[in-house]
Amino acid sequence: LGKRRLFVPSDDAELAALAASFNHLLDRLESAHTTQQRFTADASHELRTPLTVLRGEIEVALRKPRTAEEYREVLVSNKEEIERLSRLTENMLALAHVDVGDAVTQRELVNVSELCAGVTSRLQSLAAERQITLQHADATTEPLSVSGDPVALDRVIFNLVENALRYSPVGEHVTVVVAKTPPWIEIQVSDTGGGIAPEHLGHLFERFYRVDKARSRSHGGSGLGLSIVKALVEAHGGMVEVESTVGRGSTFTVKLPAV
Ligand code: ADP
């Protein structure tokens, strides 16, 4: 595809413009095609890893007779790998919905403050487990509403808060602040955790990108969470940004058009 571009050897400005836009379109097609190919390659790799682990565990278990307790241990571990596979396929499905444009099906008035309160309350037990304080506050008493899909927006906030809790060391703090900065409603999820080095910041929202593969895998992460956040926020006409300092923590800011 790369070499076969349209070249117009004449002074006709209209033809030249037509050729330029045709070439631009081809570039975009080519880049979309490459992205899709990379996604398929990465997805296959991600699916293969838990399958290899599962097969290995079962093969070892079958090699000689085991006690009931030993079989039980294998089954517990098998179940964990299967849960990992389920989460991965669910996330891939969520992205596929965004790609075909049907992830944000309903549009209703969503109170962002209530949504954040719901997410923080659902994640309090994870916070307690990790001995992290998790708080939610509104920067104003004004209504903080957007037009959107409550399920999709819940997923956005959930993914960000869950990451902040999972990637912060024990004893740190996570805060969710909702504010109005016209024309946006801003949701800031901040943590006082380890932070992210500058060379990773530009890649965080890419599909399957993980700073520390082992750490992400140990909590069942697929590297898709932030790409889902970005895609869903953009489907609402918003944007997501990250600021981070190693050793001090990270702040993810979601901006959604205010109603
Ligand atoms: P994962 O499933 O690995 O959590 P995400 O797309 O949600 O995938 O996040 C991508 C990577 O960004 C994570 O693997 C982690 O390394 C890094 N990350 C995300 N949020 C934070 C955070 N709050 N603090 C530090 N690192 C983070």
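Against the criterion of being aliphatic (A, V, I, L, M) and in contact (Cβ under 8 Å) with a residue 60 or more places away in the chain, residue 232 qualifies. Would you point out the residue of region 175-214, among those that are among the charged types (D, E, K, R) and outside any strand (DSSP E or B), that is farthest from the ligand (Cβ to nearest atom)? That would be 199. For region 120-131, the condition of being farther than 18 Å from residue 232 by Cβ, out of contact with any Pro (no Cβ under 8 Å at 6 or more places or on another chain) and β-branched (Val, Ile, Thr) holds for at least one residue. You will find that of 211, 176, 240, 229, the residue that is within 29 Å of residue 37 (Cβ to Cβ) and touching a His at 6+ places or on another chain (Cβ under 7 Å) is 211 and no other. If you filter region 131-167 down to residues that are in contact with an Asp or Glu (Cβ under 7 Å, 6 or more places away or on another chain) and within 16 Å of the ligand (Cβ to nearest atom), you find that the one that is nearest to residue 96 (Cα to Cα) is 164. All of (1) touching a Pro at 6+ places or on another chain (Cβ under 9 Å); (2) at pLDDT 95 or above hold for residue 84 with one exception: (2).
In region 208-226, the residues that are charged (D, E, K, R) reach residues that are within 6 Å of the ligand (Cβ to nearest atom) and not in a loop (DSSP other than H, G, I, E, B) with C-beta atoms within less than 9 angstrom, at least six apart or across chains, in these pairs: 210/216. Under the condition of being in a loop (DSSP other than H, G, I, E, B) and within 13 Å of the ligand (Cβ to nearest atom), the residues counted in region 222-256 number 6. Does residue 218 meet the test of being within 11 Å of the ligand (Cβ to nearest atom) and either at pLDDT 95 or above or buried (at least 16 other Cβ atoms within 10 Å of the Cβ) (or both)? No. Listed by position, the helices (runs of 4 or more DSSP H) enclosed by region 93-173 include none that has at least 2 residues that are farther than 22 Å from residue 195 by Cα, touching a Ser or Thr at 6+ places or on another chain (Cβ under 8 Å) and at pLDDT 95 or above.
The values are calculated or read from the model by the stated rules, or taken from the named source; none is laboratory data. The model shown is predicted, which means the values in this text are computed figures rather than measured ones. All Cβ positions, glycine included, derive from the backbone under ideal geometry; neighbour counts span all protein chains shown.
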